[in-house]
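Here is the structure we will look at, set down as structure tokens.
Values in this text are rule-based calculations from the coordinates and carry no lab data. Because the structure is a prediction, the values reported are computed rather than measured. Every residue, glycine among them, receives a Cβ derived from its backbone with ideal geometry; neighbour counts consider all protein chains shown.
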Amino acid sequence: EALGPQEYTGIKMEVTSWSPLAQDLISSVSSKLENRKVFLVAATLRPETMYGQTNCFVGPSLKYGVFIANKDEAYVCTLRAARNMAFQGTFEPREKVNQVLEIEGEKLVGTKIKAPFGIIPEVYVLPMESVLATKGTGVVTSVPSDSPDDFATYTDLRKKPAYYKIDPSWCSIDPIPVIETPTYGPMIAPALCASLKIQSAKDAKQLAEAKEIAYKEGFYNGTMIIGEFKGRSVQEAKPKVREAMIKAGLAVPYAE
Ligand code: A2H
């Protein structure tokens with residue numbers, strides 16, 4: 001755990017079509033939302049990996065809210081995160097938490113969203129049991145090439161879509177190479193999951209080890225192999241991608 005506040009990037013993923021269950025709820029508050037665009041906002045420490053999003057995750061049993069962010073936008077995240085955003089000056093009017101709807105994570109599954117900077121422009125919301133209510137926004141952008149947790153959960157979902165009550169077409173995209181490291185090649189998460197014999201998202205102990213290695217290797221030895229900063233080190237690209245996303249209105253700073 002970091003000692004000081006952790007600086008995340010809040011990735012704004014605009015909803016392009018709601019799951020049927022979410023659509024019913026959203027329709028019931030259309031007079032409050034007016035013409036605002038609605039975004040799922042995911043907290044990430046790895047903005048430079050956003051080229052490789054294949055989907056996004058929510059905790060199926062977590063509660064989310066739809067919050068008025070400003071005159072043009074509404075955000076989907078946990079109430080806890082919305083309070084932090086309000087306190088950090090992300091909303092207009094400042095410091096006001098205006099929740100128009102509460103919705104369970106499982107009802108968001110199957111919603112289609114834009115993936116900012118993603119090679120795949122639109123992806124689906126999928127369930128991840130290990131999403132914590134107490135961290136970030138409760139929305140996790142998924143990059144299975146670089147995050148062992150994302151790879152393990154995504155692989156579980158792809159193996160048994162019926163069991164997880166998802167449409168196979170929602171997880172049809174293969175992991176996308178984003179960063180190369182000398183030791184692990186172009187996709188560190190699948191490589192580590194194989195070498196540590198991680199069978200599923202339930203292998204929490206090995207996953208914690210894989211996460212540690214992936215983070216350090218990627219940060220200190222990784223080279224971008226895609227996007228505007230192709231050929232640059234991850235250390236150099238990370239803040240540049242973050243700034244580019246914020247400048248383009250595709251991300252907001254988020255700390256906790
Ligand atoms: B990271 P830290 Cl490619 N519950 O983003 C569980 N995990 C969460 C979460 C929550 N409520 N909120 C955020 N996260 C994930 C990208 C990524 C991430 C890559 C590689 C590693 C990685 C794509 N997923 O994280 O405990 C988010 O996933 C490993 C450190 O605050 C976020 O960054 O250090 C990271 O965990 C924040 O974890």
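Of all the numbered requirements in (1) part of a helix (DSSP H, G or I); (2) free of Cβ contacts under 8 Å to residues at least 24 places away in the same chain; (3) under 22 Å from Y8 (Cα atoms); (4) in contact with a Lys or Arg (Cβ under 9 Å, 6 or more places away or on another chain), Q235 misses one, and that requirement is (4). In segment 85-108, of all residues being within 16 Å of the ligand (Cβ to nearest atom) and crowded, with 19+ Cβ neighbours inside 10 Å, the one that is nearest to P168 (Cα to Cα) corresponds to L108. Candidates I176, I166, I213: the one that is in contact (Cβ under 8 Å) with a residue 40 or more places away in the chain and over 16 Å from the mean Cα position of the chain (by Cα) is I166. Filtering segment 26-46 to residues that are more than 10 Å from the ligand (Cβ to nearest atom) and crowded, with 16+ Cβ neighbours inside 10 Å leaves I26, L33, R36, V38, F39, L40, V41. For segment 134-161, filtering for residues that are part of a loop (DSSP other than H, G, I, E, B), among the charged types (D, E, K, R) and within 12 Å of the ligand (Cβ to nearest atom) leaves 2.
Conditions (1) away from the ligand (no atom under 16 Å from the Cβ); (2) farther than 21 Å from I176 by Cβ; (3) surrounded by fewer than 16 Cβ atoms within 10 Å (Cβ to Cβ); (4) aliphatic (A, V, I, L, M), marked per residue:
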position	(1), (2), (3), (4)
E48	no, no, no, no
S61	no, yes, yes, no
E122	yes, no, yes, no
L132	no, yes, yes, yes
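Restricting segment 193-225 to residues that are touching a helix residue (DSSP H, G or I) at 6+ places or on another chain (Cβ under 6 Å) and closer than 19 Å to S130 by Cα, the residue that is farthest from the ligand (Cβ to nearest atom) is S200. When L21 is tested against (1) in contact with a Leu (Cβ under 9 Å, 6 or more places away or on another chain); (2) buried (at least 22 other Cβ atoms within 10 Å of the Cβ); (3) among the aliphatic types (A, V, I, L, M), exactly one condition is not met: (2).
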